[in-house]
Number of protein chains: 2
Amino acid sequence: MDALDRQIIAALRVNGRATYADLGRKVGLSASAVHERVGKLESTGVITGYHAVVDPRAVGLGVTALVGIQPTDTADDNEVAASLGELVEVESCYAVAGEEAFVVKVRVATVDDLEQALGRLRRISGVARTRTTVVLSTRFEGRPNSPEEDLGHAVEPPTQGA
Amino acid sequence: MDALDRQIIAALRVNGRATYADLGRKVGLSASAVHERVGKLESTGVITGYHAVVDPRAVGLGVTALVGIQPTDTADDNEVAASLGELVEVESCYAVAGEEAFVVKVRVATVDDLEQALGRLRRISGVARTRTTVVLSTRFEGRPNSPEEDLGHAVEPPTQGA
DNA sequence: ACTGAAAATCTAACATG
DNA sequence: CATGTTAGATTTTCAGT
């Protein structure tokens with residue numbers, strides 16, 4: 001992992017569909033060299049995937065909430081996490097320090113769906129209580145913490161409500 | 001936005017580098033047709049970008065925290081959000097209902113860096129107090145809430161600590 | 001909107017320095 | 001590790017339906 005790798009990674013975080021030729025031009029390497037480096041970054045687990053980012057409202061998921069999960073005294077964290085993973089509404093799941101065992105991000109279409117999703121969360125074995133924070137708007141999300149810029153065909157920026 | 005679009009979107013969420021030919025095979029269209037549809041999805045803002053996902057530890061960001069931001073009585077939310085956006089450590093920023101104005105996700109290398117980042121957060125004009133929840137492990141993150149599967153060259157799954 | 005075809009470009013593998 | 005080459009795949013455009 002040298003400076004070139006970091007440049008390549010930064011570029012792929014901004015535009016995950018950048019071609020190897022593009023990346024090569026940007027960092028001053030041949031496409032072949034970039035191809036090889038990216039292959040290694042993938043196989044060593046530095047790059048874990050490539051994903052299209054979709055406006056949640058456009059796919060009917062306009063309601064977002066952050067939910068803290070308080071476990072019962074006898075709860076098994078791994079079992080609870082596995083159960084959380086079975087709910088499609090749960091997009092992300094973090095084990096955290098503090099009174100709560102997990103904080104999860106939930107995305108649903110309506111507040112009715114949120115109510116139902118919270119019901120399902122509370123019904124999970126090992127879950128004692130939930131604490132829900134409704135997201136009013138997403139100011140920005142998943143931002144590359146490296147300096148960002150435009151890369152040809154990128155479709156940024158992400159600044160949407162909820 | 002018909003069923004075909006939704007299929008294409010789901011596939012691109014799983015593998016953002018899927019080729020148009022792949023997608024066409026998967027949904028039963030020619031590569032040209034898929035190309036045209038994806039172009040429309042991008043220009044209408046349904047697809048907002050494509051991003052490589054990187055193991056945070058591999059890029060020296062092994063410490064994650066969720067931070068609630070309590071505003072002062074006179075704070076301007078938009079100004080505070082803009083200031084939060086200027087800190088590279090702040091990866092995501094949600095305006096929320098409740099006592100706190102925002103919840104942000106912060107990624108840094110060490111707990112020392114976390115302390116410094118929290119200092120910077122508190123020094124933002126309009127920020128009265130912060131409440132920090134340290135992430136112990138990321139069980140899963142940014143999961144497509146649509147049914148997922150393998151698509152050729154995808155590099156999943158994401159199951160990393162912190 | 002989709003198909004099919006053609007030109008430009010890119011990927012992926014390999015031989016080489 | 002990087003480069004250059006090359007065959008095959010892919011992107012992109014466009015005429016036709």
For chain B, longest principal axis from Cα atoms; helix B:111-122 axis from its Cα atoms; angle between them, nearest 10 degrees, is 80 degrees
With no solvent term and unit scatterers on the alpha-carbon positions of region B:3-51, Debye gives log₁₀ I(q)/I(0) at q = 0.26, 0.30 Å⁻¹ of -0.99, -1.31
Shielding of B:95-102 by other chains, given as the mean Cβ count within 10 Å, works out to 4
Kirkwood Rh over alpha-carbon pairs of region A:56-135 plugged into Stokes-Einstein at 25 °C, 0.890 mPa s gives a D in µm²/s of 197 µm²/s
Log10 I(q)/I(0) at q = 0.08, 0.09, 0.18, 0.19 Å⁻¹ for chain A, from Debye over equal alpha-carbon scatterers, is -0.34, -0.43, -1.04, -1.09
With Cα coordinates, the longest principal axis of chain A makes an angle with the long axis of helix A:31-43, in degrees rounded to 10, of 30 degrees
Calculated from DSSP helices alone, with each H run of at least 4 adding -39500 (n - 2.57) and the total divided by the residues of chain A, [θ]222 nm to the nearest 500 comes to -10500 deg cm²/dmol
homo-copy label distances at residue A:77 (7 angstrom along Cα-Cβ), nm, one dp, ascending, are 3.4
Once the in-chain neighbours fewer than 8 apart are removed, the lysines whose Cα is under 27 Å from residue A:105 read B:105
Here the correct list, in nm and shortest first, of distances from residue A:122 to the same site in the other copies, label points 7 Å along Cα→Cβ, is 3.6
Taking Cα atoms only, helix B:77-86 is inclined relative to the longest principal axis of chain B by an angle, in degrees rounded to 10, of 80 degrees
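Quick note: the coordinates plus some simple rules give every number you see, no bench work behind them. Note that the structure is predicted; figures quoted are calculated from it, not measured. Glycine gets a Cβ as well: all are built from the backbone with ideal geometry, and neighbour counts include every protein chain shown.
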